[in-house]
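*Asks:* The structure's right below; bear with me while I get my questions together.
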Amino acid sequence: RPRLYPNPTNQATTLMFDNSENENCTLRLCNTQGQLVRTITDITTEKVEIERENLTSGLYFFQLRTERQVIATGKLIIE
């Protein structure tokens, strides 16, 4: 089960997930309209930091996947 902390956040958040085989993962972050707003590639550890940067306040949905399957999904709230 993925863990996102802190959530809600106003700066950065860390997603922790099971990747014991160190597979190459990609994180996709979409807004509530379903538009892709950020992609983070080449994640081979068991955590990834998501920086706020230019994201506006609101609700976002994330999907973390390997080449074969989706391994985590969830919601991120930026204050």
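The values are calculated or read from the model by the stated rules, or taken from the named source; none is laboratory data. All values derive from a computational prediction rather than experimental measurement. Cβ sites come from the backbone with ideal geometry, for glycine too, and all protein chains shown count toward neighbours. Ligands, DNA and RNA are stripped out before the accessible areas are found, and what is left, the full protein with its side chains, is counted by its heavy atoms. Shrake-Rupley method; radii C 1.70, N 1.55, O 1.52, S 1.80 Å.
*Asks:* State all residues of segment 4-34 that are in a loop (DSSP other than H, G, I, E, B) and either touching a residue at least 60 places away in the same chain (Cβ under 8 Å) or among the hydrophobic types (A, V, I, L, M, F, W, C) (or both); if no residue qualifies, say none.
*Replies:* Matches in segment 4-34: Asn7, Pro8, Asn10, Phe17.
*Asks:* If you don't mind, another one. Filter segment 31-43 down to residues that are in contact with a Leu (Cβ under 6 Å, 6 or more places away or on another chain) and closer than 15 Å to Val70 by Cα, then give me how many there are.
*Replies:* Residues flagged as in contact with a Leu (Cβ under 6 Å, 6 or more places away or on another chain) and closer than 15 Å to Val70 by Cα within segment 31-43 amount to 1.
*Asks:* Please verify whether segment 32-48 includes one or more residues that are closer than 12 Å to Ile78 by Cα and modelled with pLDDT of 95 or more.
*Replies:* no
*Asks:* What are the pairs, 6+ residues apart or on separate chains, where a residue within segment 64-79 that is farther than 16 Å from Thr14 by Cβ and touching a residue at least 24 places away in the same chain (Cβ under 8 Å) has its Cβ under 6 Å from a residue that is β-branched (Val, Ile, Thr) and part of a strand (DSSP E or B)?
*Replies:* Arg65/Thr26
*Asks:* Among residues belonging to segment 8-31 that are among the polar types (S, T, N, Q) and over 13 Å from Leu76 (Cα atoms), point out the one that is nearest to the chain's Cα centre (by Cα).
*Replies:* Once the filter is applied, the top-ranked residue is Thr26.
*Asks:* In segment 18-29, which residues are open to solvent by less than 30 Å² (accessible area, probe 1.4 Å) and modelled with pLDDT of 95 or more?
*Replies:* Correct list: Cys25, Leu27, Leu29.
*Asks:* In the set Val48, Val70, Val37, which member is aliphatic (A, V, I, L, M), open to solvent by 60 Å² or more (accessible area, probe 1.4 Å), at negative phi and out of contact with any Lys or Arg (no Cβ under 8 Å at 6 or more places or on another chain)?
*Replies:* Selected residue: Val70, the only one of Val48, Val70, Val37 that is aliphatic (A, V, I, L, M), open to solvent by 60 Å² or more (accessible area, probe 1.4 Å), at negative phi and out of contact with any Lys or Arg (no Cβ under 8 Å at 6 or more places or on another chain).
*Asks:* Right, another one. For Thr56, state whether it is modelled with pLDDT of 95 or more, loosely packed, with under 12 Cβ neighbours inside 10 Å and closer than 21 Å to Glu21 by Cα.
*Replies:* When the stated conditions are applied, Thr56 does not pass them.
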